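Report on the following structure.
The values are calculated or read from the model by the stated rules, or taken from the named source; none is laboratory data. Because the structure is a prediction, the values reported are computed rather than measured. FYI the Cβ positions are ideal-geometry reconstructions off the backbone, even for glycines, and counts take in every protein chain you see. Please note that ligands, DNA and RNA were not included when accessible areas were found on the heavy atoms of the full protein model with its side chains. Shrake-Rupley method; radii C 1.70, N 1.55, O 1.52, S 1.80 Å.
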Amino acid sequence: TMTFDNIHFSSFATRDLISSDSTASEQRYAHNLTFKNCFFEGDAESVVVGLRLRQAYNVTIENCGTRNLHTLGQLTSITGLTVKNTDVKALSGFNLLNAAKNAVFDGVTINATEEDGYGIRIDAKAGGDVTIKNSTITADAPLVLRKAEAGFVLNMEGENTITANGEYQLVINGETPTLNGADDLTKNI
């Protein structure tokens with residue numbers, strides 16, 4: 001277990017702030033990480049990712065903020081993600097690649113500033129699940145489920161404000177997954 005508390009991470013070059021490219025063995029995966037009361041800052045002229053983690057599990061991001069990032073998270077094959085009370089102002093918010101299991105966004109504010117930016121983009125593989133509750137997401141495409149399979153579950157709980165600067169609040173590419181609480185969202189399937 002590792003906790004980063006009240007740290008200002010910054011990069012003024014095209015580099016990730018935190019990166020783990022774990023492969024081959026579960027013992028090398030980034031796991032049991034907590035980022036609490038942290039701030040992630042990049043350079044307005046470069047493309048910086050706050051957290052780039054591969055095959056990580058049990059990651060918590062709580063009470064954090066951003067400035068001048070591409071995304072706060074580029075997370076590949078993550079299991080057990082909790083993002084709580086975090087304010088993301090970046091070109092886009094989060095990219096959950098190659099499946100996400102047990103991911104929860106609670107009290108999160110995402111303001112994607114790129115003209116065609118996304119709030120949360122998910123490779124919606126069967127067996128994966130993401131819950132969004134009490135959050136505010138503003139982007140060209142606030143929620144994107146790509147490579148979607150029928151066995152994926154998206155749960156929308158509590159009071160969410162999903163604002164699309166583009167045409168749709170939820171874009172689904174692939175099969176239609178299970179959508180709980182997303183009835184009122186405009187969809188492109």
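Restricting the GluC sites (Glu not before Pro) of the range 150-185 to loop positions (DSSP other than H, G, I, E, B) with no more than 14 neighbouring Cβ atoms within 10 Å leaves GLU159, GLU167. In this structure HIS70 has an accessible area near 40 Å², from a 1.4 Å probe over the protein heavy atoms.
Between the range 30-69 and the range 107-149, the alpha-carbon centres lie 16 Å apart. Along its first, second and third principal axes, ordered by size, the range 35-189 spans 38, 32, 27 Å in Cα coordinates. In this structure the range 34-189 gives 40 Å² per residue of accessible area when probed at 1.4 Å with all protein chains present.
Remark: the ASP87-ASP116 segment gains 8.5 nm on full extension, using 0.36 nm per residue and subtracting the alpha carbon distance.
Nonpolar atom fraction for the chain, defined as the carbon and sulfur part of the 1.4 Å probe accessible area, stands at 40 percent.
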